[in-house]
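Colleague: Would you mind keeping the following structure in view while I ask a few things?
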Amino acid sequence: MTDTTLAPASARTGDGMVGAGGADDTVAGDYNADAITVLEGLEPVRERPGMFIGSTGPGGLHHLVYEVVDNAVDEAMAGHCSSIEVTLRADGTCSVTDNGRGIPVEAHPQYPEKSAAEVVLTVLHAGGKFGGTGYKVSGGLHGVGVSVVNALSSELEAVIDRDGRRWQLQFHDGGEPVGELTDIGPSPEGSTGTTITFKPDSTVFDHVEFRAQTLTERLQMMAFLNAGLCIGFTDERRPEPVRHEYCYPGGIRDFVRHLNESSEALFDEVGFLSAAEDGDEVEIAFQWNTGFNTDGIHSFANGINTVEGGMHAEGFRSALTSAVNNYARDRKMLRPDDDNLQGDDIREGLTAVVSVRLEAPQFEGQTKAKLGNTAMRSLVQKAAYSGLSEWLEEHPTEAKLVTGKAIDARRARIAAQKARNTVRKSALGGAGLPGKLTDCSSGDPEEAELYIVEGDSAGGSAKEARDPATMAILPIRGKILNVQRSRPERIFDNNEISALISAIGAGVDGATGENGFDDAKIRYHKVILLCDADVDGSHIRTLLLTFFFHRMRKLLSGGYVYIAQPPLYSTKVGTETVYLKDDRAKDSFLSDRPNHRNEFQRLKGLGEMDAQELWDTTMDPASRTLLRVSLEEAVTADRIFSVLMGDDVDARRGFIQDNASDVRFLDV
């Protein structure tokens, strides 16, 4: 999660996996100048970069790398690329090299005065996917992305190896050509491919320092989704360059093993199935663990992480529920008068990756968060039901563990339903708001804000400080339940979580969630976590985000969750009190005022501030700082929550040590 969002080749190998190379039996046509179709110009990009890359913050900065890498991955999906290298250099540039076919260099038929390479790099919506014959299946927006990268870079160089010759094309100041495409000699040893080297424009972005871990997480996911594709990453900014290489012959089977590393697997084997029909393909890998979460299905379409699922995910869920119920009844594990196991019962502890490739994906929304192709639901459902039924028959030991776990989950679900329907009014039933909630008078969710405040003392100050028209206050006593390690009956029996569910008013996902989380019923479009700026405050924020991730994920993906930024220090400048957010702000303050002699007071808790101080520093919309939490890489977020909040102490320690020197990027 951040505060500001791959892919198999088309050639089949003998074991049914999809490789990055091999026979190109699905290549739709020649990749040449005629394959580049032009839709519109590039002019708007520098004026409104957020429309193209989301923001000019860290998310948008790293999106530049993703766009260039996605083009190389498309070559892998077409069967023409087996290796991608990403390098961060000390001069602030980033290079992406692939061994694909190389961008076409001949004159473009619509722009005869320009080479096809220059068109791809300077004209928005120019690429091999918009009605051309360059690609059959693609994930990113080839041509759009690389031209946007050019527009938002202070310098960019393309080196192309094609047809035995090496060509060079350079740009500066946001896409202005430096000369023409130049033949600079023969390609080394007959190699082919493209290298794009660019330097983000510091006048466009808030900062231009790439974060290595953000990039490696994304690159690793791409390698998982492209069995056999090797992606290398080198960070040359350090005194000793750091090198990572990601190459997974097992593809998404290795992906599932990776996701389950910090959990205790129910059995060793990772199940796998694949199918193809009319040019569309599906691969599914799955394994259960001993955990209790029911949201472990991660879906992808043409390498794009569809965080809200869609038709492919629906097809898999339906097939899984039917296959396990039929198996349990055939084996007399369910009595004739027993109700069927519900989907949540069966999915408890399941980690699965559903990856589909299709020629004409239909995504819902600009973020491509949900796949809308109805034909893909039918393909996945048929393939998954057949494959899962066969797998259960051929793996009786594993099948017994899976069905046994599902039956245990059903018992827990029934117990949770009883807990939910006790004398205490149901937090899901909408039967009144929690007594500890001090609500706002506005009924308009777009202007209403819910402050979730750590502790009764700070809650009292917040109630006094708030704007009662638009600000509601919900104090949380102590640390809420860790839902990563809790069964449903414990979750709904927890007073703090019940109060959260009732206050937000949109229900929950998962077991006993009945109709699930309905984002149309969210009562506040700003849910603000107001916790102390210390370790305990960070832990409480993490617990709250863990709950939202597993039980109210649309609250995160919709951008409704914010983290308040209370100051860590205060000091006197004359008679005025100055508040400083963190150590960085303190250092900046001292650099501007080297003769400042007054002491700095470290603020230990929100309860130390009176109402006026809390309003001035943290709650006043005119001066407050809020970090907006969004969900761009659900798979990465899932694994991080599993590491931080799961049972594997060594994995948690390793994560903390790896990120200790990078705390300004930590989002939790």
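The values are calculated or read from the model by the stated rules, or taken from the named source; none is laboratory data. Everything quoted here is computed from the prediction, not taken from an experiment. Note that we place each Cβ from the backbone using ideal geometry, even for glycine, and neighbour counts take in every protein chain shown. All accessible areas refer to the heavy atoms of the entire protein, side chains included, with ligands and DNA or RNA removed. Shrake-Rupley method; radii C 1.70, N 1.55, O 1.52, S 1.80 Å.
Colleague: Of all GluC sites (Glu not before Pro) in the stretch 84-124, which ones are in loop regions per DSSP and have a Cβ with at most 12 other Cβ atoms within 10 Å?
Modeller: GLU113
Colleague: Using 7 Å Cα-to-Cβ label points, what is the ASP163/ILE407 separation (nm, one decimal)?
Modeller: Simple spin-label model gives 6.9 nm for this pair.
Colleague: Here's a follow-up. Under a Cβ-Cβ cut-off of 13 Å, what is the net charge of the residues other than ARG166 that fall near it, where Lys and Arg count +1 and Asp and Glu count -1?
Modeller: -3
Colleague: Report relative contact order for the stretch 220-347 in percent, whole number only (criteria: Cα-Cα under 8 Å, sequence separation at least 6).
Modeller: 16
Colleague: Another one. Which GluC sites (Glu not before Pro) from the stretch 545-625 combine a DSSP loop assignment with at most 14 other Cβ atoms within 10 Å?
Modeller: GLU599
Colleague: In nm, to one decimal, how far is the VAL178 label point from the ASP610 one, both placed 7 Å along Cα→Cβ?
Modeller: Rounded to a tenth, the inter-label distance reads 6.1 nm.
Colleague: With the alpha-carbon atoms as the only input, what is the per residue convex hull volume for the stretch 270-327 in Å³?
Modeller: In the stretch 270-327, the Cα convex hull volume per residue is 112 Å³.
Colleague: Roughly how compact is the stretch 260-368, stated as its Cα Rg over 2.2 N^0.38 Å to two decimals?
Modeller: Normalised Rg, Cα atoms only: 1.18.
Colleague: How charged is the neighbourhood of ALA448? Take every other residue with its Cβ under 12 Å from the Cβ of ALA448, and add Lys/Arg as +1 and Asp/Glu as -1.
Modeller: Once positives and negatives cancel, what remains is -3.
Colleague: Let me ask something else about it. What spacing in nm lies between the two simple spin-label points modelled at GLU393 and GLU43, each 7 Å away from Cα in the Cβ direction?
Modeller: So the two model labels end up 6.5 nm from each other.
Colleague: Also: To the nearest 10 Å², what's ARG466's accessible area with a 1.4 Å probe?
Modeller: Its accessible surface works out to 40 Å², give or take rounding.
Colleague: Got a sec? What order do VAL242, VAL146 fall in by accessible area at 1.4 Å, biggest, i.e. largest, first?
Modeller: Ranking VAL242, VAL146 by accessible area, largest first, yields VAL242, VAL146.
Colleague: Residue by residue, what Karplus-based ³J(HN,Hα) values in Hz, rounded to whole numbers, does the stretch 217-222 have, using 6.51, -1.76 and 1.60 with θ = phi - 60° and x for Gly and Pro?
Modeller: 4, 5, 5, 4, 4, 4
Colleague: Tell me the relative contact order for the stretch 290-419 as a rounded percent, counting alpha carbon contacts under 8 Å between residues six or more apart. Numbers along the way, then the final one.
Modeller: Working: 178 pairs, mean separation 47.9, N = 130.
Dividing the mean separation by the residue count of the stretch 290-419 yields 37 percent.
Colleague: Indicate the gyration tensor shape class of the stretch 527-576 (rounded, prolate or oblate), computed on the Cα atoms with a ≥ b ≥ c the square roots of the eigenvalues: a/c under 1.5 is rounded; otherwise a/b larger than b/c is prolate and the rest oblate. Present the calculation step by step, with values, prior to reporting the outcome.
Modeller: Details: a/c = 6.11, a/b = 2.34, b/c = 2.61.
Oblate is the answer for the stretch 527-576, as a/c is 1.5 or above yet b/c matches or exceeds a/b.
Colleague: How large is log10 of I(q)/I(0) for the stretch 154-312 at q = 0.14, 0.16, 0.18 Å⁻¹ when the intensity is taken from the Debye formula with one equal scatterer per alpha-carbon?
Modeller: -1.00, -1.12, -1.21
Colleague: Let me ask something additional. Quick one: check the C-alpha center-to-center distance for the stretch 453-482 versus the stretch 338-408, whole angstrom.
Modeller: Cα centroid of the stretch 453-482 versus Cα centroid of the stretch 338-408: 41 Å apart.
Colleague: Between ALA448 and residues 5 or more places away or on another chain, which pairs have amide H atoms under 5 Å apart, with H built 1.01 Å from N, and which residues are they?
Modeller: HIS525
Colleague: Another question, if that's okay. In whole Hz, with x marking every Gly and Pro, tabulate ³J(HN,Hα) for the stretch 572-578 from phi via Karplus 6.51 cos²θ - 1.76 cosθ + 1.60, θ = phi - 60°.
Modeller: 9, 10, x, 9, 8, 8, 10
Colleague: Once R0 is set to 35 Å, what does the formula 1/(1 + (r/R0)^6) return for the Cβ-Cβ distance between VAL242 and ASN595, expressed as a FRET efficiency to the nearest 0.05?
Modeller: Working: r = 41 Å, r/R0 = 1.16.
Calculated transfer efficiency: 0.30.
Colleague: On to the next question. Just the number, please: carbon plus sulfur as a percent of the accessible area of the stretch 491-568, 1.4 Å probe, no ligands or DNA/RNA counted. Write out the running numbers ahead of the final one.
Modeller: Values: 850 of 2180 Å².
Its accessible area is 39 percent carbon and sulfur atoms.
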